[in-house]
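First comes the structure, then the notes that go with it.
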Amino acid sequence: MTNGIPYEEALRQYRPGKKRALPPQDVAVDDLLRAFHPDYLEDSLVTLQVGPNKGDPCHRQLADVLQADARIDEADLAGAPVVETDVLVIGGGGAGCAAALEASRMGARVTLATKLRLGDSNTVMAEGGIQASIEKGDTPQMHLDDTLKAGHNQGDRKLVAKMVMDAPDVIRWLVQQGMQFDLDEFGNLLTRRAGGTSADRVVYYRDYTGLEMMRALREAVRNSKIEVLDYSPAVELLSNESCHCAGAVISSLKDCSYVMVRANAVILATGGIGRMHLNGFPTSNHFGATGDGLVLAYRLGAKLRDLDSFQYHPSGLAHPHHLAGSLITEGVRSAGAYLLNGHGERFVDELKTRDHVSAAILRECAEGRGIKVNGDAMGVWLDTPSVELRNPGILAAQLPKLVQLGKKCGIDPTKQPLLVYPTLHYQNGGAVIDESGLSTVPGLYCVGEVSGGIHGRNRIMGNALLEIISFGRKAGGHAVKQVHGRGHKKVTIGHLSNLRRELAVADLPMGVKGPMLFPECAKFELDSDYDGLRRGKEHDDREAE
Amino acid sequence: MSEKSEKLVNVTIDGKEITAPASLSAIQALWHAGYPRIKSVGCLEGVCGSCRVLVRREGASEVKTELGCQTLIEEGMQVMFLVFPRPTHHTYQLTDIKSSWEVQAKFHEIFPEASRCRHCSGCVRSCPKGIDVELGVELATKGRFRQAGELFVECVMCDLCLTACPELIAPNHVGLFSRRVTAYFHTRPSNLINRLEKLRRGDFHVAE
């Protein structure tokens, strides 16, 4: 590890200050990103050799699972029961719930399968808020411009246009699901500013925005006609004779069985990839964020995009060790917190876009100005005491989750700065979708983090919670209209034979199985509780011994 | 790495004797010792409510309920993971409540057990977030939903109070009901409504 200033020494030198000037910044953003952003790490990318994105660059670890063998084959489905539904939603976070609620409201039979429990998702952990242009002087056009600019103009303008025009109605819909927001004395929505944007546009509930959202949505789903299958990871999609998506193979962690769910439409809302710990980074993500949806969609022929672009959130907790990667909301910087290096100096405008701020933090650490703990952690100060100094009481009132996190660390953030380091937070890309959330495979919708295109190569705070509800609802409504007359003729996992042929031709290892389902640390493949389910590599190796 | 120099402690988790660094949570300690754990794991940040555990600390007679990702291991600690209970039998749709004048009456139809609270404080003692759950239930029975809901800001719906309640009140769902009706009937932000109205009139366009 590179040199840095020892933690104790930096802490001794630290003084809270109401105002600190930012030294002139002379480095061009593109140069900074290329030099320090993890997306540009040497040898982190490979070229995909099979599938719809053959020839495209992709992160090495993601490529391993996209080009992995399936977990099941025909034999596993012999005797598996077949059930029917109109719309099958896979994923129990905000996007999945929004899609299921909308489809159900329109009269469809809806089944929602989720790997763990309903609501176990990144949504529940979201803190900062949700974007909607509602303030005087702000417009949907400005929201669109900010979104595209922050995404380095790589976003899909049509998708973003739909989303920004829909945003105020998304907030109304959430209120009608019973979600609270922070209001001023007259009942107006309070707003905060996201890094890299031109207006205060993020509405929120403390730094528990996702928790408040998920509580309301989970209760709404539980009290609807939607059938919820919990502890039920999807292990494969089903296709019909025309290679359209026609359902999914759902496994059950309760009785270790498989069931084939036939559906007119499938909505994948499986979230992101944080628990793959790309480039060895810690993550702010949920236990279940293992990129399953990307793998399932890719095998069925869905085109993906921006597989080399990920978001590292600037303020992941770096110390203490056992909490590394935990998220501290951008709302803290929005409230005025500085980032300081080991010399107590500011080094970046804290409200630049996340990729920019993260790269600047990594630069400080690489060039010896970071703060070093015991040789195993490095970071910079998140200067919360100065925020409290300027605005006494603000942390407790607006950022209770931060205060709780401080308690767990044994640090009072009103008095002592927290050590932060970028944490793997979000998958910028994902499945290519149209304005209804439909992927390039008929019958298959992808919504939320599993989809790509909205955020280009970098996302701004508050656009993820907006996207999941906006596109969740759109996909739910659109999927209901998918009618297959007398239904699919033949529903199989036939597409897997193509996959296996391609893998063999490309001489790729067949030992790796996907989707991953659970992070390595959980040792799913070795857990005797799940012996009835076909497992991946480790299990096969063990049997062979 | 510093982990090696950290103090090691001996704990029993789900009957397995484990030695692990003292800075680890119960879940991390289980993984550290090489045991698998899939269920009862979620956000690992204390906001999803999945990892319900029973905890007995050395020398203590009391068994506490906590969240496994938030409980740091201590010498002699015993930890048992709890399965998640069946969902509550209470069911309601916000749209079935016709106006805010009806909320209190509807509440007692939906949660008839709430007014039978015997003030045993089981819910309060079970709450890993330190919420005054019992007071929240009492306020809700009196129709003071906004005030009741405010108590449940930190609630992660771990259902420990639901498990603890001998009257089957489902206190966390009472809290959530209180929060939801407050938003559903009373959150009417004029800045939002004004913007929705302008959008409806077609005042805004974006260049696609």
**OP:** Any chance you could count how many residues in region A:51-75 are part of a strand (DSSP E or B) and more than 24 Å from A:Val249 (Cα to Cα)?
**Re:** 3
Original post:
Which members of region A:116-135 meet the condition of being of a type in the set (Ser, Thr, Tyr) and either under 16 Å from the mean Cα position of the chain (by Cα) or more than 9 Å from chain B (Cβ to nearest Cβ) (or both)?
Top reply: A:Ser121, A:Thr123
Original post:
Out of region A:341-355, which residues are surrounded by fewer than 24 Cβ atoms within 10 Å (Cβ to Cβ) and either in contact with a strand residue (DSSP E or B) (Cβ under 9 Å, 6 or more places away or on another chain) or within 24 Å of A:Ile130 (Cβ to Cβ) (or both)?
Top reply: A:His343, A:Gly344, A:Arg346, A:Phe347, A:Asp349, A:Glu350, A:Leu351, A:Lys352
**OP:** Test A:Gly288 against the stated conditions and say whether it is in contact with a strand residue (DSSP E or B) (Cβ under 6 Å, 6 or more places away or on another chain), on the phi < 0 side of the Ramachandran plot and either at pLDDT 95 or above or not aliphatic (A, V, I, L, M) (or both).
**Re:** no
Subject >> Odd one out for A:His488, checked against (1) in contact with a His (Cβ under 8 Å, 6 or more places away or on another chain); (2) part of a helix (DSSP H, G or I) >> reply: (2)
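Would you kindly identify the helices (runs of 4 or more DSSP H) lying entirely within region B:98-148 that contain at least 2 residues that are exposed (fewer than 15 other Cβ atoms within 10 Å of the Cβ) and without any contact (Cβ under 8 Å) to a residue 40 or more places away in the chain?
On the way: elements: B:103-110, B:122-126, B:133-141.
Counting at least 2 such residues, we get B:103-110.
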Original post:
Restricting the first residue to region A:135-154 and requiring it to be closer than 15 Å to A:Val202 by Cα, which pairs with a second residue that is modelled with pLDDT of 95 or more and basic (Lys, Arg) meet a Cβ separation below 7 Å and a spacing of at least six or different chains?
Top reply: A:Glu135/A:Arg201; A:Asp138/A:Arg201; A:His143/A:Arg201
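Of all residues in region A:460-485, which are part of a loop (DSSP other than H, G, I, E, B) and touching a helix residue (DSSP H, G or I) at 6+ places or on another chain (Cβ under 7 Å)? Reasoning before the result, please.
Going residue by residue through region A:460-485, those that are part of a loop (DSSP other than H, G, I, E, B) are A:460-462, A:481-485.
Answer for region A:460-485, where residues must be part of a loop (DSSP other than H, G, I, E, B) and touching a helix residue (DSSP H, G or I) at 6+ places or on another chain (Cβ under 7 Å): just A:Ile460.
Among the residues of region B:33-54, is any among the basic types (Lys, Arg), surrounded by fewer than 18 Cβ atoms within 10 Å (Cβ to Cβ) and within 25 Å of A:Gly119 (Cα to Cα)? Give the derivation first.
Residues of region B:33-54 among the basic types (Lys, Arg): B:37, B:39, B:52.
Checking which are surrounded by fewer than 18 Cβ atoms within 10 Å (Cβ to Cβ) leaves us with none.
Taking every residue of region B:33-54 in turn, none turns out to be among the basic types (Lys, Arg), surrounded by fewer than 18 Cβ atoms within 10 Å (Cβ to Cβ) and within 25 Å of A:Gly119 (Cα to Cα).
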**OP:** Show the residue pairs that are 6+ apart or on different chains and have beta-carbon atoms under 8 Å apart, the first residue being within region A:393-410 and part of a loop (DSSP other than H, G, I, E, B), the second being at pLDDT 90 or above and polar (S, T, N, Q).
**Re:** A:Leu399/A:Thr329
**OP:** Restricting attention to region B:166-192, report how many residues are more than 9 Å from chain A (Cβ to nearest Cβ) and either in contact with an Asp or Glu (Cβ under 8 Å, 6 or more places away or on another chain) or closer than 22 Å to B:Glu102 by Cα (or both).
**Re:** 10
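Conditions (1) within 30 Å of B:Val41 (Cβ to Cβ); (2) within 28 Å of the chain's Cα centre (by Cα); (3) of a type in the set (A, V, I, L, M, F, W, C); (4) within 14 Å of chain B (Cβ to nearest Cβ), marked per residue:
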position	(1), (2), (3), (4)
A:Arg457	no, yes, no, no
A:Asn463	yes, yes, no, no
A:Gly477	no, yes, no, no
A:His488	no, no, no, no
A:Thr492	no, no, no, no
A:Asn498	no, no, no, no
A:Pro515	yes, yes, no, no
A:Ala522	yes, yes, yes, yes
A:Leu526	yes, yes, yes, yes
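Here is a list: A:Leu88, A:Leu112. Which entry is under 20 Å from the mean Cα position of the chain (by Cα), more than 9 Å from chain B (Cβ to nearest Cβ), crowded, with 24+ Cβ neighbours inside 10 Å and part of a strand (DSSP E or B)? I'd like the intermediate steps shown before the answer.
Details: A:Leu88 fails: under 20 Å from the mean Cα position of the chain (by Cα).
Selected residue: A:Leu112, the only one of A:Leu88, A:Leu112 that is under 20 Å from the mean Cα position of the chain (by Cα), more than 9 Å from chain B (Cβ to nearest Cβ), crowded, with 24+ Cβ neighbours inside 10 Å and part of a strand (DSSP E or B).
Have a look at B:Leu30, B:Leu54 and point out the one that is in a strand (DSSP E or B), more than 7 Å from chain A (Cβ to nearest Cβ) and farther than 22 Å from A:Ala377 by Cα. Walk me through how you get there before you give the answer.
On the way: B:Leu30 fails: in a strand (DSSP E or B).
From the options B:Leu30, B:Leu54, the qualifying one is B:Leu54.
For region A:166-185, what are the residues that are facing chain B (nearest Cβ under 7 Å), assigned to a loop (DSSP other than H, G, I, E, B) and surrounded by fewer than 18 Cβ atoms within 10 Å (Cβ to Cβ)? Lay out the reasoning, then the answer.
Looking only at region A:166-185, we keep the residues that are facing chain B (nearest Cβ under 7 Å), and these are A:168-169, A:171-172, A:175-176, A:178-181, A:183.
If we keep only those that are assigned to a loop (DSSP other than H, G, I, E, B) as well, we get A:178-181.
Of everything in region A:166-185, nothing turns out to be facing chain B (nearest Cβ under 7 Å), assigned to a loop (DSSP other than H, G, I, E, B) and surrounded by fewer than 18 Cβ atoms within 10 Å (Cβ to Cβ).
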**OP:** Collect the residues in region B:174-203 that are within 22 Å of A:Ala167 (Cβ to Cβ), hydroxyl-bearing (Ser, Thr, Tyr) and part of a helix (DSSP H, G or I), keeping them in residue-number order.
**Re:** B:Tyr184, B:Ser190
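The values are calculated or read from the model by the stated rules, or taken from the named source; none is laboratory data. On a predicted model such as this, the values are computed, not experimentally measured, just so you know. Methodologically, a virtual Cβ is constructed for each residue, glycine included, from the backbone with ideal geometry; neighbour enumeration extends over all protein chains shown.
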